[in-house]
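The values are calculated or read from the model by the stated rules, or taken from the named source; none is laboratory data. Fair warning: this is a prediction, and the values are worked out from it, not measured in the lab. FYI the Cβ positions are ideal-geometry reconstructions off the backbone, even for glycines, and counts take in every protein chain you see. Surface accessibility is based on the protein's heavy atoms, side chains included, excluding ligands, DNA and RNA. Shrake-Rupley method; radii C 1.70, N 1.55, O 1.52, S 1.80 Å.
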Number of protein chains: 2
Amino acid sequence: MTRLLVSLLLTAGLGTAAYAADDQKLIEDANGFFDPIPTMVQAPENNAITREKVELGKMLYFDPRLSSSHLLSCNTCHNLGLAGTDLQPTSVGHGWQRGPRNAPTVLNSVFNIAQFWDGRAADLKAQAVGPMQAAVEMNSTPDEVVAVLNSMPEYKERFDVVFSGDEDPVTLDNVAKAIEAFEVTLVTPASRFDQFLDGNANALNDKEKHGLSLFMEKGCVSCHSGVNVGGQDYFPFGVVEKPGADILPPDDKGRFAVTHTATDEYVFRAGTLRNIALTAPYFHSGQVWSLRQAVQVMATAQLGTELTEDEVDSMVAFLHTLTGEQPQVDYPILPASTDETPRPVLTVPGQENN
Amino acid sequence: MTRLLVSLLLTAGLGTAAYAADDQKLIEDANGFFDPIPTMVQAPENNAITREKVELGKMLYFDPRLSSSHLLSCNTCHNLGLAGTDLQPTSVGHGWQRGPRNAPTVLNSVFNIAQFWDGRAADLKAQAVGPMQAAVEMNSTPDEVVAVLNSMPEYKERFDVVFSGDEDPVTLDNVAKAIEAFEVTLVTPASRFDQFLDGNANALNDKEKHGLSLFMEKGCVSCHSGVNVGGQDYFPFGVVEKPGADILPPDDKGRFAVTHTATDEYVFRAGTLRNIALTAPYFHSGQVWSLRQAVQVMATAQLGTELTEDEVDSMVAFLHTLTGEQPQVDYPILPASTDETPRPVLTVPGQENN
C-alpha cells in the first residue's frame, strides 16, 4: 500500500516535471485530445440561424406559458444564471414532481453527440420538445403549445417573419427550431483551458497543468475528450467497479432504454466537463455534490484506481479551468397574453391537491 | 331602460365632444388627478442607490437559492418578462402550494403607498423579506438565506463592497436593501398616457381620450389616481355592491388583518392600473381574466353604475395606454455554489410526497 502510493506519487511527480519543462509538449498533447470552443458555431442541419430566430427562441426558452401550469420554462431547469442547470439532484417539474435524472447543462450542448443522458434525442431540436410534453416536467401537449402561441399576436407576427416560407408558421417543429437556434448561441468560449489549447502556456498554473497531464495519463480522456471534454460518445458507468446504488440506481439502465441492446445497460453519454465546477451535483443521479468526490468516484468506477489527495487536488484544479465565459442575454420581454390565451392548469393527473 | 341608455350615451357623447374640442382641457384635468412616471426615481429613505447595490439586488432577485427548494426566486412570481407578475390567479410556491392572493406587479411598486394588497409592508425593503419566509412561497428563514449567501465568496465580496461601512455586511436587512435598490429601477415610463400628461395631445386617439374622460367623470379617479393610477391608498372593495364570493372571498378580510379595525374589513390597497393590460388576472383574488369584465365589476361594485358597451370599450382602450416601457435587464450570471452551500430542501412540512 505504501509502495503503491509512493509509486503513484513518483509517476505523478515525474509527469509534472516533464511537462513543466516542456509546456509546448503538454499543449500539443492536449490538442491531440481536445478542441477549443470555436468562435463560430456551425448552424445545425436544416435550421439556418438568423438574428430574429435566435430572439424568438430566447423568448420561447424563457416563456413559462409553454408549460401547462404557466410556471415552468426551459430556463427553470436550465437556468442561464446557474450555468444552464438547476443545481438539483434531479429536476423538479409539474406538481413539484421529481424527474428521474439530473438536468444536463444547456451550455455547449450543441457540441454533444446527441441530447439527454441516454442520447435519445438526436439534436437540440428534438430535445427541446421532450420536456414540454413530459408529465413530470412541463406537462403540455403540442396542441396546447401551439394554441398558447397563436393566442398572442406578437408571437404570431414573429413566427411569420422567422418562418416566412411556411404556410403555417406556428408549429411545434418551428418552436423547436427557434429554441435550437437560441441554444446554439449558448456556448462558453475563452476558458483558461481554451487559452492554453490555443498556445498560451501561462493560462494554466503548475498545479492545473499537473491536473491536465494526469487527466490524459490516467485515461480520463478515453471518455472525456473533444470540444466538450465529454459529451461526444456513450460509455458504461462502472466499467471497472459499479458505484453504489445511490449513484448508479439499478432501475435506470441508461441507453438500454433507447437501443434495447444488452451491452447498453448502464451506458450513458459521458457528461461534458465544460463548466463542471459550476454544475454540481454530479452524474445522472445527481447524488454527488463535491467535485473532489466526483473525481474519486470516476477513478475507482471507470479506471479502477485510487488517486492520491494531491492528484485529486490537481485534477480538480484543472477542471476549474474549464469554466468559460457565460453567455450574456437580455432578459426577454414576453408577448402579452390575451383573452384567448389558454388558462394555466396546475392539477396533477391522479392527485387532488389542487 | 331605453331612456337611461340614451341618457348615458348622450352624456358620454357630450363629454367626448367637449374634450375633443379642447384637448388642452383634458390634459389639464388629467394632470389634476395623475402624475407621469418620473424619469428620476427618488432613493428610498436610508437606502442610497448605487450601481453596485442595484446589480447585487438584481442577482438576489433572480437567485432561486434564496428559497429553501432553490427553485423559486422573486422573479418566479414577479416575472420581469411578464410585466412583473406570474399571470396566475394566486401565486404558486413551495411544494406547488397556492398562496392566498394574486401577485401584484413589482413594476412601479416604488410608487405605492405601501406593499402587499393589504399594505402590511411599509416599503419594498419590508416586502422583500416576506415571501422569502412564507411557508407557501419561498419557505426559507433569515438564517438560511444568510448561510446560502455566506457560502459563496462572490456574494460575500459584493456585500462587502456595497455595504462597506457595515461590520457584518451579509444580513437579511442588507439583502432587503439591495433588492429594494433593484426594484426601485423597475419603472415603466413613457407610456402613451404619460406622453399625453406631458402635453402631447396626439398620444391618445379619440376613443382613448373618451375613456380617460369617462375614467375621471364616472369617479374611477376616487381610488385610482396619482403616479400609479392606483396604489396610493386603501379602499373598501364593494362600496356600493359586494361582488360574488369568487371575486371577493369572504375569508379574506384584507386590511382588517393588519389594523384590526372593523371599518377595514374588505379594504384593500387600490391596485395600480399601470400596465394593467399586461397583468391579468385581476383583483386580489385573481378570478377575473378579462379587462372588460374587470372594468364592469368595478363599475357595479364601486360606482353602482352599469357602463354601456361603448363606455367599456373606451375605458379598456384608455387602460391600454397605461402600458409603459418595460425595464430591460441583463440576465444575471449568479455566483457559483460551493461545497458549503446548503442543499435544496423540497419537503413540505406535513406532507410526505418527497
Got a sec? Which of A:Glu183, A:Glu167, A:Glu144 is over 24 Å from A:Ser285 (Cβ atoms), at pLDDT 95 or above and buried (at least 23 other Cβ atoms within 10 Å of the Cβ)? A:Glu183
Count, please, the residues in the stretch B:230-247 that happen to be touching a helix residue (DSSP H, G or I) at 6+ places or on another chain (Cβ under 8 Å) and surrounded by 21 or more Cβ atoms within 10 Å (Cβ to Cβ). 2
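Give me a count of the residues in the stretch A:307-342 that are more than 7 Å from chain B (Cβ to nearest Cβ) and either farther than 30 Å from A:Lys218 by Cβ or in contact (Cβ under 8 Å) with a residue 40 or more places away in the chain (or both). Walk me through how you get there before you give the answer.
Of the residues in the stretch A:307-342, the ones more than 7 Å from chain B (Cβ to nearest Cβ) are A:307-325, A:327, A:335, A:338, A:340-342.
Cutting the leftovers down to either farther than 30 Å from A:Lys218 by Cβ or in contact (Cβ under 8 Å) with a residue 40 or more places away in the chain (or both) gives us A:307-308, A:310-311, A:313-325, A:327, A:335, A:338, A:340-342.
Total satisfying the criteria: 23.
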Does any residue of the stretch A:120-130 turn out to be in contact with a helix residue (DSSP H, G or I) (Cβ under 6 Å, 6 or more places away or on another chain), in a helix (DSSP H, G or I), closer than 16 Å to A:Glu183 by Cβ and charged (D, E, K, R)? yes
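Does A:Ala190 satisfy being in a loop (DSSP other than H, G, I, E, B) and either closer than 22 Å to A:Ser225 by Cα or assigned by the TED database to the domain that holds A:Ala114 (or both)? Give the steps one after another, and end with the answer.
Working: in a loop (DSSP other than H, G, I, E, B): yes; either closer than 22 Å to A:Ser225 by Cα or assigned by the TED database to the domain that holds A:Ala114 (or both): yes.
Answer is yes for this residue.
Which one of these is open to solvent by less than 50 Å² (accessible area, probe 1.4 Å), touching a helix residue (DSSP H, G or I) at 6+ places or on another chain (Cβ under 9 Å) and more than 14 Å from every other protein chain (Cβ to nearest Cβ): A:Asn174, A:Asn139?
Numbers: A:Asn139 fails: more than 14 Å from every other protein chain (Cβ to nearest Cβ).
Among A:Asn174, A:Asn139, only A:Asn174 is open to solvent by less than 50 Å² (accessible area, probe 1.4 Å), touching a helix residue (DSSP H, G or I) at 6+ places or on another chain (Cβ under 9 Å) and more than 14 Å from every other protein chain (Cβ to nearest Cβ).
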Among (1) touching a Pro at 6+ places or on another chain (Cβ under 9 Å); (2) open to solvent by less than 10 Å² (accessible area, probe 1.4 Å); (3) assigned to a helix (DSSP H, G or I), B:Leu107 falls short only on (3)
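Can you spot a residue in the stretch B:128-135 that is free of Cβ contacts under 8 Å to residues at least 12 places away in the same chain and either away from every other protein chain (no Cβ under 14 Å) or closer than 23 Å to A:Val348 by Cβ (or both)?
Taking the stretch B:128-135 first, the residues free of Cβ contacts under 8 Å to residues at least 12 places away in the same chain are B:133.
Of the ones still in play, those that are also either away from every other protein chain (no Cβ under 14 Å) or closer than 23 Å to A:Val348 by Cβ (or both) are B:133.
Among the residues of the stretch B:128-135, at least one is free of Cβ contacts under 8 Å to residues at least 12 places away in the same chain and either away from every other protein chain (no Cβ under 14 Å) or closer than 23 Å to A:Val348 by Cβ (or both), which makes the answer yes.
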Scanning the stretch A:248-262 residue by residue, the ones that are of a type in the set (Lys, Arg) and open to solvent by less than 60 Å² (accessible area, probe 1.4 Å) total 1
Looking at B:Pro349, B:Pro335, B:Pro342, can you tell me which residue is open to solvent by 30 Å² or more (accessible area, probe 1.4 Å), in contact with a helix residue (DSSP H, G or I) (Cβ under 8 Å, 6 or more places away or on another chain), outside the structural domain of B:Lys207 (by the TED database) and not basic (Lys, Arg)? B:Pro342
Those residues of the stretch B:51-102 which are part of a loop (DSSP other than H, G, I, E, B), more than 12 Å from chain A (Cβ to nearest Cβ) and crowded, with 22+ Cβ neighbours inside 10 Å amount to B:Ser68, B:His78, B:Asn102
So for the stretch B:247-266 (the condition being among the aromatic types (Phe, Trp, Tyr), part of a loop (DSSP other than H, G, I, E, B), in contact (Cβ under 8 Å) with a residue 40 or more places away in the chain and more than 14 Å from chain A (Cβ to nearest Cβ)), does at least one residue qualify? no
Within the stretch A:204-229, how many residues are over 18 Å from the mean Cα position of the chain (by Cα), crowded, with 19+ Cβ neighbours inside 10 Å and farther than 21 Å from A:Gln296 by Cα? 1
If I ask for residues that are open to solvent by 10 Å² or more (accessible area, probe 1.4 Å) and either within 10 Å of the chain's Cα centre (by Cα) or over 16 Å from B:Phe193 (Cβ atoms) (or both), which ones from the stretch B:271-280 would you list? B:Gly271, B:Thr272, B:Leu273, B:Ile276, B:Thr279, B:Ala280
Lone unmet requirement of (1) modelled with pLDDT under 55; (2) assigned by the TED database to the domain that holds B:Asp198; (3) among the β-branched types (Val, Ile, Thr) for B:Ile27: (1)
Out of (1) open to solvent by 60 Å² or more (accessible area, probe 1.4 Å); (2) under 30 Å from B:Gln195 (Cβ atoms), the odd one out for B:Glu265 is which? (2)
Checking A:Asp86 against (1) within 14 Å of the chain's Cα centre (by Cα); (2) touching a residue at least 40 places away in the same chain (Cβ under 8 Å), which test does it fail? (2)
Can you tell me which residue among B:Ala280, B:Ala336, B:Ala299 is part of a helix (DSSP H, G or I) and either charged (D, E, K, R) or at pLDDT 95 or above (or both)? B:Ala299
